[in-house]
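Heads up: the structure comes next, in structure tokens.
The values are calculated or read from the model by the stated rules, or taken from the named source; none is laboratory data. Predicted model only: the values in this text are computed from it and were never measured. Cβ coordinates were reconstructed from backbone atoms using ideal geometry, including for glycine residues, and neighbour counts include every protein chain displayed. Quick note on the areas: whole protein, heavy atoms, side chains included, nothing else; ligands and nucleic acids left out. Shrake-Rupley method; radii C 1.70, N 1.55, O 1.52, S 1.80 Å.
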Amino acid sequence: MKTKHYILLVFLTLFSLKNFATHIVGGEIYYDCLGGNNYRITLKLYRDCYNGIPPFDNPGTVFIFNSSGTFLDSLQIPAPSSVILPFPLSNPCLTPPTDICVEEAIYQVVVNLPPLAGGYDFTYQRCCRNGTILNLISPGDVGSTYMAHIPDPGLAVCNSSPHYNNFPPIFLCAGVPLNFDHSATDPDGDSLYYQLCDAFTGLSPSCPILGPQAAGGCPQVASSPPAPFVPWLAPYNGSYPMSSSPALAVNPVTGLMTGTPNMVGQWVIAVCVSEYRNGVLLDINKRDFQFNVVNCGIPVASIPVQQPFCFGTPSNFSQNSINAFTYHWDFGDPGTSLDTSNVFSPTWTYANLGTYTLTLIVNPNTVCTDTATLIVTVNPLPAMTSPATATICSGGTVSIPLTSSLASTYTWVAVNNPNTTGESTAVQSGSPLSNTITNNSAAVQTVTYTVIPTSTPEGCLGTPQTVTVTVNPPPTMTSPNTATICNGGNASIPLTSNWPSTYTWIAADNPNTTGESTTIQSGSPLSNTLTNNTESVQT
């Protein structure tokens with residue numbers, strides 16, 4: 001007995017939850033002028049077969065407003081027979097999902113609408129959408145609104161709105177390109193313009209339905225147009241409604257919808273077709289629907305754009321194929337028949353510069369196979385030359401010529417002399433290294449410079465160049481501060497220096513004295529005859 005009570009409790013709980021479950025997955029509303037001010041209103045609704053509790057509204061209520069948003073009337077349309085939309089199963093490798101089902105109901109009614117300044121607006125509202133949708137905030141609380149507009153009779157008399165030719169696929173396969181004809185037909189032959197747009201929201205879980213079926217305390221009439229947009233979850237929006245690469249797009253002229261979905265899940269999409277006559281907008285049919293992206297098991301070979309390939313270095317290839325278990329790469333190198341591999345991410349070194357066609361076949365020699373190709377380019381390395389050695393005095397400037405086959409920026413880096421400062425600089429290709437080096441040691445130092453290319457047009461690095469720079473310390477010299485000499489005599493002034501080199505003594509403050517300079521060797525004294533041309537003492 002307790003078991004029966006427990007089962008009954010579970011049943012009632014599930015029933016209660018399903019009564020508030022989500023079910024709307026898409027819809028549109030459009031009209032056809034039948035003449036005599038009579039219009040056939042068509043409301044297409046789509047529900048989730050599995051989560052669609054309660055069923056389609058019976059009746060479905062469409063509300064009519066004037067162009068100022070004033071409520072005029074409501075149309076009670078009995079629920080029609082519904083149909084389960086079929087799966088497209090054209091690929092033998094496709095594994096169809098078992099948890100997706102869409103049911104379609106087409107409500108229709110004929111109404112007489114006399115000409116009205118500004119025209120008429122039709123609105124149908126319902127809540128709610130599936131709570132598992134990925135691109136909306138709190139999707140289970142988000143409703144739907146579908147609208148149509150009969151234009152002012154001064155713009156168009158007896159106009160019929162455009163309506164879509166096909167409902168989108170029930171599900172999409174992750175990684176498989178989409179090419180869907182989302183075009184519409186306009187009975188009047190008006191110009192049509194297509195675009196992705198923002199879906200309308202409508203109603204809430206507390207009052208999910210309008211009209212005679214509305215619960216107590218809930219409004220009986222829809223809010224006046226226009227309805228607010230759905231709350232998109234960033235980074236998604238009306239123009240970028242789902243994760244796809246390339247992004248989902250609609251051709252504005254043909255209505256062809258393209259893109260490659262890359263994330264499994266459910267997504268709300270809206271497409272608008274705008275109807276123009278003589279350049280004047282008459283109506284916009286906004287249809288939203290739910291894309292169910294699943295992993296279909298279809299193999300898709302995919303090679304992303306590769307990193308730059310450089311001559312003489314191994315090229316590492318990557319792939320992002322799906323449902324692939326075996327692989328066959330052909331690197332397209334015409335110089336050998338060994339340019340193939342069967343590993344997931346192979347490596348190959350091309351023998352020459354140029355462009356090559358890279359081919360990847362996944363699951364080769366099976367029914368479920370796929371092929372992808374990519375053009376790759378092998379780029380040259382920059383050729384750089386510089387002298388191997390150079391000499392500089394401490395505190396001086398060294399100029400080392402550098403030439404390169406590619407115009408780029410390079411950096412000279414000193415790698416082995418911690419006692420020397422100012423050891424690196426950036427130079428342009430073809431320019432010399434010009435840098436001041438200060439030696440903090442009294443001994444002779446050597447600095448090894450390596451030139452490193454920091455960027456090249458193709459991203460390839462040349463062979464680093466090495467230059468050994470000898471840095472000589474500054475000379476030290478000592479001599480007495482004073483000396484005395486007779487006019488016409490010789491002065492001998494001892495001089496010492498750490499460098500065996502040639503020096504010049506210069507008398508700087510006696511213009512009346514001749515013979516005041518001489519050249520001596522380092523370590524030798526000054527020995528010079530000075531002649532005084534005056535009778536006074538000279539210095």
>> Over the Cα atoms of the stretch 187-289, what radius of gyration and what Dmax do you get, in Å?
In response: 16.9, 48
> Can you pull the percent of the stretch 99-200's accessible area that's carbon plus sulfur, 1.4 Å probe, other chains left in place?
Replying inline: 53 percent
> Rg (Å, one decimal) plus Dmax (Å, integer) for the alpha carbons of the stretch 105-217?
Replying inline: 17.8, 51
> Expressed as cubic angstrom per residue, what is the convex hull volume of the alpha carbon set of the stretch 181-233?
Replying inline: 173 Å³
> Mean 1/r over all different Cα pairs, inverted: what Kirkwood radius does the stretch 257-388 give, in Å?
Replying inline: 18.7 Å
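Work out the FRET efficiency for Leu338 and Thr98 from their Cβ-Cβ distance, taking R0 = 56 Å, and round it to the nearest 0.05.
On the way: r = 46 Å, r/R0 = 0.82.
That pair, Leu338 with Thr98, gives E of 0.75.
With all protein chains present and a 1.4 Å probe, how do His163, His23 order by accessible area, largest first?
On the way: His163 40, His23 5 Å².
Greatest to least solvent exposure: His163, His23.
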>> Across the stretch 33-83, what fraction of all alpha-carbon pairs, as a whole percent, falls in each successive 5 Å bin from zero upward?
In response: 5, 14, 20, 21, 18, 11, 7, 3, 0
> Under a 1.4 angstrom probe, counting protein chains only, how are Glu103, Glu275 ranked by accessible area, largest first?
Replying inline: Glu103, Glu275
